[in-house]
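J.: Before we start, here is the structure in question, set down as structure tokens.
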């Protein structure tokens with residue numbers, strides 16, 4: 001198995017005013033992600049999940065260790081990786097279609113081809129009928145689907161998703177999870193998905209990496225092997241509950257520790 | 001942030017209630033009703049203006065009934081003097097406003113883009129903004145003389161600060177996730193500016209433009225009152241000296257019409273540019 005993404009010994013420390021040694025967000029993280037894999041990273045709040053994603057995106061560089069993409073170190077942002085943000089990051093003055101075209105403009109695709117590709121990907125997320133709407137005319141779930149279409153449109157090999165469904169209501173979240181799973185199966189992208197939701201992690205991931213509380217390290221990796229054809233509602237199947245409990249147990253102590261850490265940090 | 005919220009408040013008051021975000025009604029009757037509601041208070045004021053002097057509540061020598069003000073405007077317009085005064089005032093205020101726009105928007109973008117520069121300069125801009133431009137009129141006259149230069153200069157001065165401050169805060173407050181998105185796509189600085197920063201800043205910049213538009217008119221009138229041979233400020237002052245009270249009111253009404261008109265023009269342009277809202 002050749003790793004698409006290889007994270008080895010990665011640590012990241014922020015400079016914080018008032019702290020001489022800074023704040024260590026990540027400490028010796030090791031994780032390999034295969035080509036076409038759907039990898040989920042879960043962890044308590046403040047464990048450095050988003051920091052890890054920023055490193056993969058090339059938006060910041062690790063203090064120690066290295067992050068490889070196709071065997072090459074990541075030196076900066078690039079369109080070989082698409083990012084989906086929790087806050088959608090749609091340009092409010094552009095229509096859904098123009099938002100999808102935004103990434104295509106960045107890589108210099110000609111206008112007509114841009115429009116065609118944008119519509120193709122809007123169709124993939126089921127929003128072709130809303131191509132001319134502005135973000136404020138769309139629901140939260142639709143906005144995130146537009147953002148996903150935008151990230152897919154310039155055809156990156158890797159999709160980095162930073163708690164993309166956290167701001168959505170439960171029903172919308174479930175339907176978007178279904179849709180993302182379908183898109184992943186259809187496109188064969190390598191997906192790194194960050195969440196603090198245990199069910200979301202188990203439902204989506206082929207592997208779920210559990211991070212410890214700050215400083216974040218990989219506590220354990222759970223392989224998920226759900227027989228999706230077995231039940232109509234896989235989320236209520238016993239095997240699903242089993243995995244859910246396994247991840248929950250791993251996270252439980254970390255969440256408690258993260259709480260303690262927050263209490264310590266507040267008075268500073 | 002606080003400053004932009006503050007200036008935003010001011011503009012809302014100046015543009016009046018209900019000029020923003022009202023969907024066009026599909027039915028003509030309700031449009032008509034809306035127009036009536038909006039103009040009712042103005043008509044009431046004008047009616048009061050007409051009848052208070054006629055009924056003897058106020059000495060008509062000091063408050064000319066509105067209809068006579070209108071006929072004074074008619075006479076001034078017929079003689080060509082009104083156009084001459086309007087032209088003088090508009091030339092001064094619009095050129096000052098235009099120059100201020102050309103200076104303040106690019107400067108504001110530069111200052112806003114570099115955090116350290118904006119932290120350094122924003123207090124200074126605040127200070128200038130809150131130093132009444134008119135207090136500096138004697139200084140401008142002293143240095144630039146009583147001619148056109150000092151009048152245009154003071155308009156530039158009065159317009160620059162609100163535009164500058166709002167442009168700085170607009171650029172500083174661009175949604176950070178949009179900047180992160182742009183960075184993740186490796187956008188060049190020029191494209192980042194043209195495709196993200198500028199469009200995101202337009203609403204706040206327009207708040208500054210509307211404040212500056214109002215300031216341009218106030219300041220030019222005052223400057224013309226102090227020393228000029230033409231312009232609406234001159235007309236008002238001169239009419240008062242010569243006890244031509246109807247034409248004094250004619251000047252005042254003209255100014256308020258121009259002020260409202262200019263603000264509406266800016267609102268119209270803003271709506272066109274931010275039709276996505």
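J.: For region A:171-193, check the following and say yes or no: at least one residue is facing another protein chain (nearest Cβ under 10 Å), part of a helix (DSSP H, G or I) and without any contact (Cβ under 8 Å) to a residue 40 or more places away in the chain. Even if it seems obvious, please write down each step before you answer.
T.: In the first step, residues of region A:171-193 are kept if they are facing another protein chain (nearest Cβ under 10 Å); the result is none.
Checked region A:171-193: no residue is facing another protein chain (nearest Cβ under 10 Å), part of a helix (DSSP H, G or I) and without any contact (Cβ under 8 Å) to a residue 40 or more places away in the chain.
J.: Would you mention how many residues in region B:163-179 are surrounded by 19 or more Cβ atoms within 10 Å (Cβ to Cβ) and without any contact (Cβ under 8 Å) to a residue 60 or more places away in the chain?
T.: The total comes to 2.
J.: Pairs needed: first member in region A:243-266, under 13 Å from residue A:45 (Cβ atoms); second member anywhere, modelled with pLDDT of 80 or more and assigned to a helix (DSSP H, G or I); C-beta distance under 7 Å; at least 6 residues apart or different chains.
T.: From residues that are under 13 Å from residue A:45 (Cβ atoms), the pairs are A:251/A:198.
J.: Going through region A:94-105 one residue at a time, which ones are at the interface with another protein chain (Cβ under 8 Å from one of its Cβ atoms) and surrounded by 22 or more Cβ atoms within 10 Å (Cβ to Cβ)?
T.: Answer for region A:94-105, where residues must be at the interface with another protein chain (Cβ under 8 Å from one of its Cβ atoms) and surrounded by 22 or more Cβ atoms within 10 Å (Cβ to Cβ): A:102, A:103.
J.: Looking at residue B:234, is it surrounded by 19 or more Cβ atoms within 10 Å (Cβ to Cβ) and within 14 Å of chain A (Cβ to nearest Cβ)? Show your work before the answer.
T.: Values: surrounded by 19 or more Cβ atoms within 10 Å (Cβ to Cβ): yes; within 14 Å of chain A (Cβ to nearest Cβ): no.
For residue B:234, the condition - surrounded by 19 or more Cβ atoms within 10 Å (Cβ to Cβ) and within 14 Å of chain A (Cβ to nearest Cβ) - is not met.
J.: Here are the criteria: (1) touching a residue at least 24 places away in the same chain (Cβ under 8 Å); (2) within 14 Å of chain A (Cβ to nearest Cβ). Tell me which single one residue B:146 does not satisfy.
T.: Result: residue B:146 passes all but (2).
J.: When you look at residue B:215, is it within 13 Å of the chain's Cα centre (by Cα) and either more than 14 Å from every other protein chain (Cβ to nearest Cβ) or free of Cβ contacts under 8 Å to residues at least 40 places away in the same chain (or both), yes or no?
T.: On the way: within 13 Å of the chain's Cα centre (by Cα): yes; either more than 14 Å from every other protein chain (Cβ to nearest Cβ) or free of Cβ contacts under 8 Å to residues at least 40 places away in the same chain (or both): yes.
So residue B:215 fits the description; yes.
J.: Go through A:59, A:91 for me and flag whichever is within 14 Å of another protein chain (Cβ to nearest Cβ), assigned to a loop (DSSP other than H, G, I, E, B) and over 24 Å from residue A:200 (Cβ atoms). Even if it seems obvious, please write down each step before you answer.
T.: On the way: A:59 fails: over 24 Å from residue A:200 (Cβ atoms).
So the residue among A:59, A:91 that is within 14 Å of another protein chain (Cβ to nearest Cβ), assigned to a loop (DSSP other than H, G, I, E, B) and over 24 Å from residue A:200 (Cβ atoms) is A:91.
J.: Scan region B:180-210 for residues that are touching a residue at least 24 places away in the same chain (Cβ under 8 Å) and at the interface with chain A (Cβ under 9 Å from one of its Cβ atoms) and report the count.
T.: 2
Residue-by-condition table, conditions (1) farther than 24 Å from residue B:203 by Cα; (2) part of a helix (DSSP H, G or I); (3) away from chain B (no Cβ under 14 Å); (4) more than 20 Å from the chain's Cα centre (by Cα):
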{"residue": "A:86", "(1), (2), (3), (4)": "yes, no, no, no"}
{"residue": "A:136", "(1), (2), (3), (4)": "no, yes, no, yes"}
{"residue": "A:143", "(1), (2), (3), (4)": "no, yes, no, no"}
{"residue": "A:166", "(1), (2), (3), (4)": "yes, no, no, no"}
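J.: Right, here's the next one. Determine which member of the set B:4, B:95 is crowded, with 16+ Cβ neighbours inside 10 Å, in a helix (DSSP H, G or I) and at pLDDT below 95.
T.: Details: B:95 fails: at pLDDT below 95.
Sole residue among the options that is crowded, with 16+ Cβ neighbours inside 10 Å, in a helix (DSSP H, G or I) and at pLDDT below 95: B:4.
J.: Tell me, which residue of region A:34-56 that is assigned to a strand (DSSP E or B) and touching a helix residue (DSSP H, G or I) at 6+ places or on another chain (Cβ under 9 Å) is farthest from residue A:3 (Cα to Cα)? Before the answer, list the steps.
T.: Here is the first cut: in region A:34-56, the ones assigned to a strand (DSSP E or B) are A:34, A:38-42.
From what is left, the residues that are touching a helix residue (DSSP H, G or I) at 6+ places or on another chain (Cβ under 9 Å) are A:38, A:40-42.
Numbers: A:38: 13, A:40: 16, A:41: 17, A:42: 20 Å.
Here the answer is A:42.
J.: Can you name every residue in region B:248-277 that is within 14 Å of chain A (Cβ to nearest Cβ) and free of Cβ contacts under 8 Å to residues at least 60 places away in the same chain? Step through it out loud before you land on a result.
T.: Restricting attention to region B:248-277, the residues satisfying the condition of being within 14 Å of chain A (Cβ to nearest Cβ) are B:270-277.
Hits for region B:248-277 are B:271, B:272, B:275, B:276.
J.: So which of A:253, A:233 is over 26 Å from residue A:11 (Cβ atoms) and more than 20 Å from the chain's Cα centre (by Cα)?
T.: Values: A:253 fails: over 26 Å from residue A:11 (Cβ atoms).
Answer to the check: A:233.
J.: Residue A:66 - would you say it is in contact (Cβ under 8 Å) with a residue 24 or more places away in the chain and under 15 Å from the mean Cα position of the chain (by Cα)?
T.: Working: in contact (Cβ under 8 Å) with a residue 24 or more places away in the chain: yes; under 15 Å from the mean Cα position of the chain (by Cα): no.
Spelling it out, it is not the case that residue A:66 is in contact (Cβ under 8 Å) with a residue 24 or more places away in the chain and under 15 Å from the mean Cα position of the chain (by Cα).
J.: On to the next question. Is it true that some residue in region A:114-123 is within 14 Å of another protein chain (Cβ to nearest Cβ), in contact with a strand residue (DSSP E or B) (Cβ under 7 Å, 6 or more places away or on another chain) and within 21 Å of residue B:194 (Cα to Cα)? Before you say what the answer is, go through the steps one by one.
T.: Looking only at region A:114-123, we keep the residues that are within 14 Å of another protein chain (Cβ to nearest Cβ), and these are A:114.
Filter again for in contact with a strand residue (DSSP E or B) (Cβ under 7 Å, 6 or more places away or on another chain), leaving none.
No.
J.: Does residue A:117 satisfy the condition of being loosely packed, with under 15 Cβ neighbours inside 10 Å and at pLDDT 90 or above? Spell out how you get there, then give the answer.
T.: Details: loosely packed, with under 15 Cβ neighbours inside 10 Å: no; at pLDDT 90 or above: yes.
Spelling it out, it is not the case that residue A:117 is loosely packed, with under 15 Cβ neighbours inside 10 Å and at pLDDT 90 or above.
J.: When region A:62-83 is examined, which residues are found to be more than 10 Å from every other protein chain (Cβ to nearest Cβ) and not in a loop (DSSP other than H, G, I, E, B)? I'd like the intermediate steps shown before the answer.
T.: Pass one, region A:62-83, residues more than 10 Å from every other protein chain (Cβ to nearest Cβ): A:62-75, A:80.
Of everything in region A:62-83, those that are more than 10 Å from every other protein chain (Cβ to nearest Cβ) and not in a loop (DSSP other than H, G, I, E, B) turn out to be A:64, A:65, A:66, A:67, A:68, A:69, A:72, A:73.
J.: Among helices (runs of 4 or more DSSP H) lying entirely in region B:164-277, which contain 1 or more residues that are modelled with pLDDT under 90 and touching a helix residue (DSSP H, G or I) at 6+ places or on another chain (Cβ under 7 Å)? Write out each step before concluding.
T.: On the way: elements: B:176-184, B:189-192, B:198-226, B:232-241, B:245-273.
In region B:164-277, the matching helices (runs of 4 or more DSSP H) lie at B:198-226, B:245-273.
J.: To continue, here is another question. Among the candidates A:43, A:78, A:108, which residue alone is modelled with pLDDT under 90 and loosely packed, with under 15 Cβ neighbours inside 10 Å?
T.: Working: A:43 fails: loosely packed, with under 15 Cβ neighbours inside 10 Å; A:78 fails: loosely packed, with under 15 Cβ neighbours inside 10 Å.
Being modelled with pLDDT under 90 and loosely packed, with under 15 Cβ neighbours inside 10 Å holds for just one of A:43, A:78, A:108, which is A:108.
The values are calculated or read from the model by the stated rules, or taken from the named source; none is laboratory data. Please read these numbers as outputs of a predicted model, since none were measured by experiment. So basically every Cβ, Gly included, is an ideal-geometry build from the backbone, and we count neighbours across all protein chains shown.
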